[in-house]
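Below: one structure, written as structure tokens.
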Amino acid sequence: MDRLFSTIALFLLGLLVLFSSVSSFPNAKTHYHDFVVQATKVKRLCKTHNSITVNGQFPGPTLEVNNGDTLVIHVINKARYNVTIHWHGVRQMTTAWADGPEFITQCPIRPGGSYTYRFTISGQEGTLWWHAHSSWLRATVYGAIIIHPKEGSSYPFPKPKRDSVIALGEWWDANPIDVIREATRTGATPNVSDAYTINGQPGDLYNCSSKDTVIVPVDSGETNLIRVINAALNQQLFFTIANHKLTVVGADASYVKPFTTSVLMLGPGQTTDVLVKADQPPARYYIAARAYASAQGAPFDNTTTTAILEYKTAPCTAKCTTSKPIMPRLPAYNDTTTATAFTTSFRSPRKVFVPTEIDENLFITAGLGINQCPPKTRARNCQGPNGTRFTASMNNVSFVLPSNFSLLQAHHQGVRGVFTTDFPAKPPVKFDYTGNVSRSLWQPTPGTKVYRLKYGSRVQIVLQGTNIFTAENHPIHLHGYDFYILAEGFGNFNPKTDSAKFNLVDPPLRNTVSLPVKGWAVIRFVADNPGVWIMHCHLDVHIGWGLATVFLVDNGVGPLQQLEQPPPDLPVC
Ligand code: C2O
């Protein structure tokens, strides 16, 4: 009897799956996953920590799908922290409710609560990733999203033999939540990390780490695809493999015109897909990553994480313990020339359609700030430079997350008083952004201000770094969109001379741009995805300080231009 029931149930389920896939396009699949967020014992650098993970795995599970597939992920929070999961780079067309940033598109999933994220991957191929978007939980709550070509189609390059993910992470020999809480209390910069990691492992240059060093196997002559993700919290990273050329074929789940390099630079949030040909004498070669630290004088973690590219014909035997793999040369920590040579090498594979008429021309400064402490504040709460507190802003607005509603819910239900729509289209005061900035301009105004965009508007944003307190490279990430990067440069953006440098033919399509230190970058996109979308620096230390803003994109008129209704289990505050 039981069996009969389950057969009928299976049959009905099959029909359902068949119908739902037929409705999108043939062969598209729906993938169901449970993500249990929980504390798990993780041993690194000689000590065991109670880390927050997904399903007890660190890094968390890899999601492997085809372009066109749907994901249904039931997140159950068994940890003692609020949590949300963000699907970094997934466009979430009309499904903003599934985007994930805490207090932007949903309230957090409380301890004991759950939420089901449902979304479809459409028009994106390559590598993305998922991560917690709540406090500093993403230090240990992240994983890869591999998007294969649409069922029945192929890569725009010969099919690689093997496919491996290299997720670069950042490890504290402490509870990362305590690290950020401490910094929020003191107003100073949080402690720098103790290690970088490759797929969760620091590698054998660190104490107690050699036996767990990640091995990437290769066979002589084969060409493999390596998907590199920068999942570090606060650090841009250089990445290289000893003696091997890296052919870049994709970034942020868009293909690029292939180019060859010996070193990559990824800001947190960015992904880069490379082809690596095993054309060297069979041996063991280090895969290595370490900081690209562009801020002068600022403390950073200067350690090096490694994995090992191991030729199958040269496996590690007893003598391996004495002979080390071949070590690559990495650029100097402050090698902005190498970083720039890399970021400016990206092109789309062919001519693309870039909007040339612009409806919204925004100029947005991005940088740090310093808050004076009001009289009578305790000294221990003002441990920034000269008794101040660190802050950060875009166009002088230091972004403050709401706490009683998510912005999307407030927008959808017309709740007043949660946000205002007066984020300025240009800085309130014009100044020499990358010069010696007057102290009177160092303190921004806090606010929950959004910028409203009509459906379909063609948007250009000039992102301008500032030299307030200290200049540095910022990985600026926009949710809900991919954008074209038209140009980047150093100094103050000059519309007269710099517009001539715009690549309107084959600019790269990305979701995170490395805003050069003391420089600018220009991006364009069409606001064709209704919802509420945060744009922020992907250095977590800067998000907390307010280096963010939000775009509210109105619904269009057509049925595929409307934000869907909120799911019934959407967490509310
Ligand atoms: Cu990976 Cu708000 O981002």
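Annotations
- Computed on the Cα atoms alone, the convex hull of segment 162-343 gives a volume of 121 cubic angstrom per residue.
- In the distance distribution for segment 360-561, Cα-Cα pairs more than 24 Å apart total 42 percent.
- In segment 334-364, the trypsin sites (Lys or Arg not before Pro) that fall in loop regions by DSSP, at most 12 other Cβ within 10 Å: Arg350, Lys351
- Theoretical FRET efficiency, 1/(1+(r/R0)^6), r = Cβ-Cβ of Arg380 and Cys573, R0 30 Å, to 0.05: 0.50
- Accessible carbon and sulfur surface of segment 68-183 relative to its total accessible area, %, 1.4 Å: 50 percent
- Dipole check for segment 162-343: with +1 at the C-beta of Lys and Arg, -1 at the C-beta of Asp and Glu, and the Cα centre as origin, the magnitude is about 400 Debye.
- Here the gap between Lys496 and Asn207, fully extended at 0.36 nm per residue and compared with their Cα-Cα distance, gives a gain of 98.7 nm.
- Per residue, the chain exposes 42 Å² of accessible surface when a 1.4 Å probe is rolled over the protein heavy atoms with every protein chain present.
- In segment 60-157, GluC sites (Glu not before Pro) in a DSSP loop with at most 14 other beta-carbon atoms within 10 Å: Glu151
- Three-way shape call for segment 305-414 based on the alpha-carbon gyration tensor, with the a/c threshold at 1.5: oblate
- Zone residues, segment 41-80, relative to Lys29, backbone N less than 11 Å from point 7 Å out along Cα-to-Cβ: 64-67, 69-70
- CD proxy at 222 nm, helix term only [per DSSP H run n ≥ 4: -39500 (n - 2.57); per residue of the chain; nearest 500]: -3000 deg cm²/dmol
- Amide H to amide H, with H built 1.01 Å from N, Gly519 comes under 5 Å of Gly465, Gly491, counting only residues 5 or more places away or on other chains.
- Kirkwood estimate for the chain, i.e. one over the average of 1/r between Cα atoms, Å: 24.5 Å
- Dipole of segment 39-151, positive end: most advanced residue of Leu137, Ile85, Ala98 [Cβ charges, Cα centre]: Leu137
- Projecting the Cα atoms of Phe419, Gly447, Phe399 onto the dipole axis of segment 390-472, where Lys and Arg carry +1 and Asp and Glu carry -1 at the beta carbon, places Phe419 farthest toward the positive end.
- Within segment 350-382, backbone nitrogen closer than 19 Å to the virtual label 7 Å beyond the Cα of Lys430 toward Cβ: 361-366
- Distant-in-sequence amide contacts of Leu205, defined by a placed amide H-H separation under 5 Å and a gap of 5 or more residues or a different chain, comprise Thr306.
- Packing-based order for 155-163, 502-510, using average beta carbon neighbours within 10 Å, highest first: 502-510, 155-163
- For the chain, a simple Cβ point-charge model (Lys and Arg +1, Asp and Glu -1, everything else neutral) yields a dipole of about 780 debye relative to the Cα centre.
- For segment 162-343, DSSP calls about 75 percent of its internal beta bridges antiparallel.
- When only the Cβ of Lys, Arg, Asp and Glu is charged (+1, +1, -1, -1), the dipole of segment 360-561 relative to its Cα centre reaches about 660 debye.
- Peptides 444-456, 207-219, 389-401 ordered by average Cβ neighbours within 10 Å, highest first: 389-401, 444-456, 207-219
The values are calculated or read from the model by the stated rules, or taken from the named source; none is laboratory data. None of these values were measured; they are calculated from a predicted model. All Cβ positions, glycine included, derive from the backbone under ideal geometry; neighbour counts span all protein chains shown. Ligands, DNA and RNA are excluded from the accessible area calculation, which covers all protein heavy atoms including side chains. Shrake-Rupley method; radii C 1.70, N 1.55, O 1.52, S 1.80 Å.
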